[in-house]
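Have a look at the structure below, then the notes.
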Amino acid sequence: MSETSPKLRAELEGIPTYKPGKPAAAGGPVAYKLSSNENPYPPLPGVMESVTAAAASFNRYPDMACTALMNELSERFAVPVSHVSTGTGSVGVAQQLIQATAGPGDEVIYAWRSFEAYPIITQISGATSVRVPLTPGDVHDLDAMADAITDRTRLIFVCNPNNPTGTVVRRAELERFLDRVPGDVLVVLDEAYREFIRDPEVPDGVELYRERPNVCVLRTFSKAYGLAGLRVGFAIAHEPVAAALRKTAVPFGVSQLAQDAAIASLRAEDELLGRVGSLVCERNRVVEGLRAQGWTVPETQANFVWLRLGERTVEFAAACEQAGVVVRPFPGEGVRVTVGEAEGNDIFLKAAEGFR
Ligand code: PMP
């Protein structure tokens with residue numbers, strides 16, 4: 001750093017940067033990106049039209065309060081509009097939640113391994129991460145997470161289904177856990193992949209929010225709704241959490257294109273959820289295919305599968321890339337593979353078979 005550089009917060013230096021899923025290599029044989037849990041379907045024509053129409057006025061700032069989208073979400077989930085808060089992707093809302101609740105000396109609990117943004121946004125806030133290992137079956141250990149609560153705990157993330165394992169926590173265990181959490185600790189149910197769940201025992205976080213003032217639900221338009229590139233997510237939370245989210249929002253953080261596309265997507269929900277149904281069928285096919293090859297695959301309820309590969313992780317990811325699909329390696333641990341189009345999934349299954 002040169003002498004004229006601004007002085008930065010020293011602790012920022014130690015904070016890792018968020019690593020996005022690798023893009024498909026330009027000009028290479030890689031045709032399928034299965035590394036970021038995106039929706040492989042292109043935008044619906046009606047959604048595209050709303051974005052094109054909104055683009056005509058991008059010389060203007062968007063509606064900062066996201067009024068129309070908030071009203072639509074309030075109606076869709078039958079919650080007061082004052083309990084809805086939109087943000088720059090659900091990761092943006094998660095960052096606001098930490099900012100509003102935790103700082104130096106405070107603790108944030110989450111399972112590990114889980115969504116890699118949790119440690120980063122916790123560290124940025126100055127709070128301390130308390131990571132509770134998943135069970136050997138790669139599921140949240142909710143008893144251990146409750147045991148980890150101290151006077152300093154401010155916020156707990158429960159990622160359901162969990163990224164990157166796809167595993168879920170079910171109603172009875174989640175209720176038992178919530179009963180053990182003090183009322184002044186916020187539990188964030190991160191349901192980014194909610195629409196892919198088919199297990200009837202997994203509760204809808206919005207129902208839990210209705211019964212418990214310290215539960216906040218995080219959802220996104222990035223996955224089932226296919227708007228990852230537009231950056232819009234939302235939380236449903238009681239006061240005073242909802243009020244804190246309004247205060248910590250980045251001004252104009254959700255573009256008009258994103259707001260209008262999200263509204264158009266909610267109105268085209270039947271068609272979008274039909275696509276989700278097809279992806280769920282593909283997911284089941286991929287899981288069965290892998291198991292038939294002899295792999296141990298945790299029960300996934302998301303749009304991805306998790307393979308524990310330990311030291312062979314990087315090698316496996318390289319073999320997939322060579323075959324034409326990009327997957328997401330977590331070196332030393334395993335790979336997360338998004339369920340995509342049938343053709344890409346077939347290439348992945350073939351690569352996995354060749355690796356056994
Ligand atoms: N939560 C989880 C569990 C995720 O996997 C992701 C995306 N990878 C997000 C939140 C953030 O999604 P977005 O910011 O696109 O809404």
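The values are calculated or read from the model by the stated rules, or taken from the named source; none is laboratory data. Remember, it's a predicted structure, so these values are computed and weren't measured experimentally. Note: ideal-geometry Cβ built from the backbone for every residue, glycine included; neighbour counts use all protein chains shown. For accessibility, only protein heavy atoms count, side chains too; no ligands or nucleic acids. Shrake-Rupley method; radii C 1.70, N 1.55, O 1.52, S 1.80 Å.
Structure values in brief
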{"item": "Nearest-0.05 FRET efficiency for residue 65 and residue 41, computed from C-beta distance (R0 25 Å)", "result": "0.25"}
{"item": "Rh by Kirkwood over Cα pairs, then Stokes-Einstein D for the range 87-225 at 0.890 mPa s and 25 °C, µm²/s", "result": "165"}
{"item": "Theoretical gain in end-to-end length, residue 314 to residue 356 [0.36 nm per residue, Cα-Cα removed]", "result": "13.7 nm"}
{"item": "Extended-chain gain in nm, criterion 0.36 nm per residue less alpha-carbon gap, residue 17 and residue 31", "result": "2.4 nm"}
{"item": "Sorted peptide list for 112-123, 87-98, criterion being average Cβ within 10 angstrom, highest first", "result": "87-98, 112-123"}
{"item": "For the range 165-301, accessible area per residue (1.4 Å probe, heavy atoms of protein chains only), Å²", "result": "40"}
{"item": "Computed label-point distance, nm, for sites residue 124 and residue 198 using a 7 Å Cα→Cβ extension", "result": "3.6"}
{"item": "Sites residue 184 and residue 81 - FRET efficiency at Förster radius 25 Å, r taken between beta-carbons, to 0.05", "result": "0.50"}
{"item": "Whole-number D in µm² s⁻¹ for the range 203-356, Kirkwood Cα-pair radius fed into Stokes-Einstein, 37 °C, 0.692 mPa s", "result": "182"}
{"item": "Separation of the residue 10 and residue 207 label points, Cα + 7 Å toward Cβ, nm", "result": "5.1"}
{"item": "Net +/- balance of residues flanking residue 118 in space, Cβ distance below 13 Å, scoring K and R +1, D and E -1", "result": "-1"}
{"item": "Anisotropy class of the chain from Cα gyration tensor, a/c 1.5 cut", "result": "rounded"}
{"item": "Net lengthening on full extension, residue 152/residue 135 (0.36 nm per residue, minus Cα-Cα)", "result": "3.7 nm"}
{"item": "FRET efficiency, 1/(1 + (r/R0)^6) with R0 30 Å, evaluated for residue 341 and residue 53 via beta carbons", "result": "0.55"}
